[in-house]
1. Within the group B:Ala104, B:Ala150, B:Ala142, which residue is surrounded by 11 or more Cβ atoms within 10 Å (Cβ to Cβ), closer than 27 Å to B:Val52 by Cα, facing chain A (nearest Cβ under 7 Å) and at pLDDT 80 or above?
2. Look through B:Ala99, B:Ala81 and report the one residue that is out of contact with any Gly (no Cβ under 9 Å at 6 or more places or on another chain), surrounded by fewer than 17 Cβ atoms within 10 Å (Cβ to Cβ) and either over 25 Å from A:Ile83 (Cα atoms) or at pLDDT below 90 (or both).
3. State all residues of region B:135-163 that are within 24 Å of A:Ala52 (Cβ to Cβ) and either β-branched (Val, Ile, Thr) or not in a helix (DSSP H, G or I) (or both); if no residue qualifies, say none.
4. Provide a single number: the residues in region A:23-42 that are without any contact (Cβ under 8 Å) to a residue 24 or more places away in the chain and either crowded, with 24+ Cβ neighbours inside 10 Å or at the interface with chain B (Cβ under 7 Å from one of its Cβ atoms) (or both).
5. Quick one: which residue in A:Ala77, A:Ala82, A:Ala54, A:Ala45 is under 27 Å from B:Arg28 (Cβ atoms), at the interface with chain B (Cβ under 8 Å from one of its Cβ atoms) and buried (at least 22 other Cβ atoms within 10 Å of the Cβ)?
6. So which of B:Gly98, B:Gly62 is closer than 22 Å to A:Ala46 by Cβ and more than 14 Å from the chain's Cα centre (by Cα)?
7. May I ask you to list pairs of residues, at least six apart or on different chains, whose Cβ atoms are under 7 Å apart, with the first in region B:40-61 being part of a loop (DSSP other than H, G, I, E, B) and the second being aromatic (Phe, Trp, Tyr)?
Amino acid sequence: MMDMAIVPMHYLIWSALVFAIGAVGAIVRRNALVLIMSIELMLNAANLAFIAFAKQYGHAGGHAIVFFVMAIAAAEAAVGLAIVLGVFRTRQTVDVDELDALRDET
Amino acid sequence: MESVMFWGAGIGLVIMSLLVVIARSPLRSALALIAALCMQAVLYILLDASFVAAMQILVYAGAIMVLFLFVIMLLNLRPDAQRRPAYVALGGKVLGGGAVAYMAYRILQGLVGSRGVGQAVDGSVKHIGVLLLTDYLFAFEAISVLLLVAVVGAVVFGMRKLT
């Protein structure tokens, strides 16, 4: 197992595992901060797949896309954390299950 | 050597990702996420993406995670008392396990067909920089506008009273 040749497509296995872990975290966890971190995990799994395919096809376009994903992750973290801070200031909680102001009553 | 790094960094990445989701304390989640991002940078280097690896450490593990740690310490949260109801937790695990199984199946299926060892890709700063300012110029400029909007949005959310 350890001495087999590593081809770029093998990296997709890590990518798939990390994406699934992030997806489970986003569903199961209630803490808004951990929720955002799970989303970061999923974005990183996509990044790893982009880099693996860039190596597979010998084109650096995937590297450029990863930069855009990183910029979007930064923007998402900044706005998401600002929202979490705002919610905490008014409600003293970051538990997403307690935020039901927009929930339909029926 | 490459296979040792591949398995070491990959298994470390998965373990640290699991810790992000499992850890009760958000602080531990954030520290595990930093470790996971560093492990991923090792995988990037193995894939000839040296510049992306440097950016991963500097921007992701550095700047973005400092923002997370800052907010976590500012809020001074207690560890999670309880998780979501059992059916949500079970559903999430079933969904995640199903996703892993399906993607593993498709990846293994693809691996059987093609055994491409990959081609050399120039991941240097120079090449990526030229690419960003030629082929991806519009996306590059659009991202700069997006970041500006995000900064303004964060400032507006941060105001004590919206004016």
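1. Working: B:Ala104 fails: at pLDDT 80 or above; B:Ala142 fails: facing chain A (nearest Cβ under 7 Å).
From the options B:Ala104, B:Ala150, B:Ala142, the qualifying one is B:Ala150.
2. Result of the check over B:Ala99, B:Ala81: B:Ala81.
3. Residues satisfying the conditions are B:Asp135, B:Tyr136, B:Ile143.
4. Number satisfying all stated conditions: 10.
5. Details: A:Ala82 fails: buried (at least 22 other Cβ atoms within 10 Å of the Cβ); A:Ala54 fails: under 27 Å from B:Arg28 (Cβ atoms); A:Ala45 fails: at the interface with chain B (Cβ under 8 Å from one of its Cβ atoms).
When all the criteria are applied, what remains is A:Ala77.
6. Details: B:Gly62 fails: more than 14 Å from the chain's Cα centre (by Cα).
Sole residue among the options that is closer than 22 Å to A:Ala46 by Cβ and more than 14 Å from the chain's Cα centre (by Cα): B:Gly98.
7. From region B:40-61, the pairs are B:Leu47/A:Tyr11.
Here is a yes/no grid of residues against (1) within 18 Å of the chain's Cα centre (by Cα); (2) under 15 Å from A:Val18 (Cβ atoms); (3) buried (at least 21 other Cβ atoms within 10 Å of the Cβ); (4) not aromatic (Phe, Trp, Tyr):
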site	(1), (2), (3), (4)
B:Gly10	yes, yes, yes, yes
B:Leu13	yes, yes, yes, yes
B:Leu18	yes, yes, no, yes
B:Pro26	yes, no, yes, yes
B:Val52	yes, no, yes, yes
B:Leu58	yes, no, no, yes
B:Asn76	no, no, no, yes
B:Ala89	no, no, no, yes
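The values are calculated or read from the model by the stated rules, or taken from the named source; none is laboratory data. These numbers were taken from a predicted model, which means no experiment stands behind them. Cβ: placed from backbone, ideal geometry, glycine included. Neighbour counts: every protein chain shown.
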